[in-house]
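Below is one structure, written out as C-alpha coordinates; comments come after it.
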Amino acid sequence: MTSANSQSMKPATVAKKLGIYLPATPQEFQDSTITRAEFAELQANPPEWLAELRRNGPHPRPVVAQKLNVSISGLARGGVEDALTTAEITALLQAPPQWLVTERATQAAVRAEAQRVKEESAKKDAKKARAKAE
(Lines give C-alpha, C1' and ligand atoms only; values in the text may rest on other atoms or scores of the structure.)
Protein backbone atom coordinates (compact mmCIF):
# COMPACT_ATOMS: atom_id res chain seq x y z
CA MET A 1 0.00 0.00 0.00
CA THR A 2 2.98 2.36 0.23
CA SER A 3 5.43 3.68 -2.31
CA ALA A 4 9.11 4.10 -1.60
CA ASN A 5 9.09 7.91 -1.54
CA SER A 6 5.88 8.68 0.33
CA GLN A 7 5.46 9.10 4.04
CA SER A 8 3.42 6.39 5.66
CA MET A 9 1.64 5.95 8.97
CA LYS A 10 0.89 2.97 11.13
CA PRO A 11 -2.74 1.86 11.34
CA ALA A 12 -2.93 2.95 15.00
CA THR A 13 -1.91 6.49 14.04
CA VAL A 14 -4.43 6.64 11.22
CA ALA A 15 -7.19 5.25 13.46
CA LYS A 16 -6.41 7.89 16.08
CA LYS A 17 -6.48 10.66 13.48
CA LEU A 18 -9.76 9.35 12.06
CA GLY A 19 -11.28 8.98 15.55
CA ILE A 20 -12.05 5.28 15.15
CA TYR A 21 -11.44 2.21 17.30
CA LEU A 22 -8.63 0.23 15.67
CA PRO A 23 -9.73 -3.29 16.76
CA ALA A 24 -13.08 -2.68 15.02
CA THR A 25 -11.47 -1.94 11.65
CA PRO A 26 -11.08 -4.55 8.89
CA GLN A 27 -8.04 -6.81 9.27
CA GLU A 28 -6.65 -5.52 5.97
CA PHE A 29 -6.57 -2.00 7.45
CA GLN A 30 -4.91 -3.22 10.67
CA ASP A 31 -2.19 -5.06 8.75
CA SER A 32 -1.21 -2.25 6.37
CA THR A 33 0.65 1.01 6.43
CA ILE A 34 -1.18 4.01 5.01
CA THR A 35 0.41 6.78 2.97
CA ARG A 36 -0.54 10.40 3.50
CA ALA A 37 -2.32 10.33 0.14
CA GLU A 38 -4.32 7.26 1.15
CA PHE A 39 -5.14 8.92 4.47
CA ALA A 40 -6.40 12.03 2.66
CA GLU A 41 -8.52 9.78 0.43
CA LEU A 42 -9.98 8.03 3.50
CA GLN A 43 -10.95 11.42 4.91
CA ALA A 44 -12.36 12.75 1.65
CA ASN A 45 -14.19 9.58 0.54
CA PRO A 46 -14.62 7.25 3.51
CA PRO A 47 -15.39 3.64 2.58
CA GLU A 48 -18.58 2.13 3.97
CA TRP A 49 -16.81 0.38 6.88
CA LEU A 50 -15.32 3.71 8.01
CA ALA A 51 -18.63 5.57 7.71
CA GLU A 52 -20.33 2.77 9.67
CA LEU A 53 -17.69 2.90 12.44
CA ARG A 54 -18.02 6.65 12.75
CA ARG A 55 -21.80 6.40 12.82
CA ASN A 56 -22.35 3.44 15.16
CA GLY A 57 -19.01 2.64 16.77
CA PRO A 58 -17.56 1.15 18.76
CA HIS A 59 -15.91 4.48 19.50
CA PRO A 60 -12.48 4.95 21.14
CA ARG A 61 -12.33 6.50 24.60
CA PRO A 62 -11.50 10.06 23.44
CA VAL A 63 -14.59 10.05 21.22
CA VAL A 64 -16.74 8.54 24.00
CA ALA A 65 -15.50 11.21 26.42
CA GLN A 66 -16.28 13.96 23.92
CA LYS A 67 -19.77 12.63 23.21
CA LEU A 68 -20.52 12.33 26.95
CA ASN A 69 -18.96 15.74 27.63
CA VAL A 70 -16.53 14.41 30.24
CA SER A 71 -12.77 13.90 30.42
CA ILE A 72 -11.03 10.62 29.66
CA SER A 73 -10.10 10.50 33.34
CA GLY A 74 -13.77 10.95 34.18
CA LEU A 75 -14.56 7.89 32.08
CA ALA A 76 -12.02 5.89 34.05
CA ARG A 77 -13.43 7.13 37.36
CA GLY A 78 -16.87 6.09 36.12
CA GLY A 79 -15.61 2.60 35.34
CA VAL A 80 -15.78 2.94 31.55
CA GLU A 81 -12.68 1.14 30.31
CA ASP A 82 -13.88 -0.18 26.96
CA ALA A 83 -15.01 1.34 23.69
CA LEU A 84 -18.73 2.11 23.55
CA THR A 85 -21.18 2.05 20.66
CA THR A 86 -23.38 4.97 19.74
CA ALA A 87 -26.38 3.12 21.22
CA GLU A 88 -24.57 2.65 24.54
CA ILE A 89 -23.57 6.33 24.62
CA THR A 90 -27.15 7.36 23.85
CA ALA A 91 -28.44 5.13 26.65
CA LEU A 92 -26.02 6.75 29.11
CA LEU A 93 -27.13 10.22 28.02
CA GLN A 94 -30.83 9.37 28.29
CA ALA A 95 -30.54 7.88 31.79
CA PRO A 96 -27.29 9.28 33.18
CA PRO A 97 -25.83 7.40 36.14
CA GLN A 98 -24.60 9.45 39.10
CA TRP A 99 -20.94 9.23 38.04
CA LEU A 100 -21.83 10.79 34.66
CA VAL A 101 -23.76 13.64 36.27
CA THR A 102 -20.83 14.32 38.62
CA GLU A 103 -18.20 14.14 35.87
CA ARG A 104 -20.18 16.42 33.55
CA ALA A 105 -20.46 18.98 36.36
CA THR A 106 -16.73 18.68 37.01
CA GLN A 107 -15.96 19.13 33.32
CA ALA A 108 -18.23 22.20 33.13
CA ALA A 109 -16.46 23.73 36.15
CA VAL A 110 -13.04 23.07 34.60
CA ARG A 111 -14.10 24.71 31.34
CA ALA A 112 -15.59 27.70 33.16
CA GLU A 113 -12.37 28.18 35.13
CA ALA A 114 -10.27 27.89 31.95
CA GLN A 115 -12.48 30.53 30.31
CA ARG A 116 -12.15 32.82 33.34
CA VAL A 117 -8.36 32.49 33.31
CA LYS A 118 -8.27 33.17 29.57
CA GLU A 119 -10.40 36.30 29.95
CA GLU A 120 -8.30 37.51 32.88
CA SER A 121 -5.14 37.00 30.85
CA ALA A 122 -6.64 38.89 27.91
CA LYS A 123 -7.51 41.82 30.22
CA LYS A 124 -3.95 41.92 31.58
CA ASP A 125 -2.52 41.80 28.05
CA ALA A 126 -4.83 44.62 26.95
CA LYS A 127 -3.83 46.69 29.98
CA LYS A 128 -0.13 46.12 29.20
CA ALA A 129 -0.70 47.10 25.57
CA ARG A 130 -2.47 50.33 26.62
CA ALA A 131 0.33 51.18 29.05
CA LYS A 132 2.93 50.55 26.35
CA ALA A 133 1.06 52.75 23.87
CA GLU A 134 0.94 55.71 26.29
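The values are calculated or read from the model by the stated rules, or taken from the named source; none is laboratory data. Please read these numbers as outputs of a predicted model, since none were measured by experiment. A quick note on method: Cβ atoms are made from the backbone with ideal geometry, for glycine too, and the neighbour counts reach across all protein chains shown. All accessible areas refer to the heavy atoms of the entire protein, side chains included, with ligands and DNA or RNA removed. Shrake-Rupley method; radii C 1.70, N 1.55, O 1.52, S 1.80 Å.
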> If the cut-off is a Cα-Cα distance under 17 Å, which aspartates and glutamates reach residue 10, setting aside same-chain residues fewer than 8 apart in sequence?
Replying inline: 28, 31, 38, 41
> Taking the Cα centre of the chain as the origin and placing charges on Cβ (Lys, Arg +1; Asp, Glu -1), which of 126, 105, 29 is farthest toward the positive end of the dipole?
Replying inline: 126
>> Run the reach check for residue 123 against lysines, Cα to Cα strictly under 17 Å, same-chain hits fewer than 8 apart removed. What comes back?
In response: 132
> Reachable lysines from residue 127, Cα under 25 Å, same-chain residues fewer than 8 places away excluded?
Replying inline: 118
>> Can you give me the % of accessible surface on the chain that is carbon or sulfur? Probe 1.4 Å, all protein chains present, nothing else counted.
In response: 54
>> I need the peptides 127-134, 17-24 ranked by packing, meaning the mean over residues of other C-beta atoms within 10 angstrom, with the highest value on top.
In response: 17-24, 127-134
> Plugging the Kirkwood radius over Cα pairs into Stokes-Einstein for the range 33-84, at a temperature of 4 °C and a viscosity of 1.567 mPa s, what D comes out in µm²/s?
Replying inline: 104
> Can you tell me the accessible area per residue over the chain, all protein chains present, probe 1.4 angstrom, in square angstrom?
Replying inline: 66
> How fast does the range 66-134 diffuse by Stokes-Einstein, in µm²/s, taking the Kirkwood radius from C-alpha pairs at 4 °C and 1.567 mPa s?
Replying inline: 90
> Could you give the radius of gyration (one decimal) and Dmax (whole number) of the Cα atoms in the range 1-61, in Å?
Replying inline: 11.2, 36
> If you place +1 on the Cβ of every Lys and Arg and -1 on the Cβ of every Asp and Glu, how big does the dipole about the Cα centre of the chain come out, in debye to the nearest 20?
Replying inline: 980
> Rounded to the nearest 20 Debye, what is the dipole magnitude of the range 46-105 about its Cα centre when Lys and Arg each give +1 and Asp and Glu each give -1 at the C-beta?
Replying inline: 200
>> Just to check, using Stokes-Einstein with a Kirkwood Rh over alpha carbon pairs, what's the diffusion coefficient of the range 1-105 at 25 °C and 0.890 mPa s in µm²/s?
In response: 164
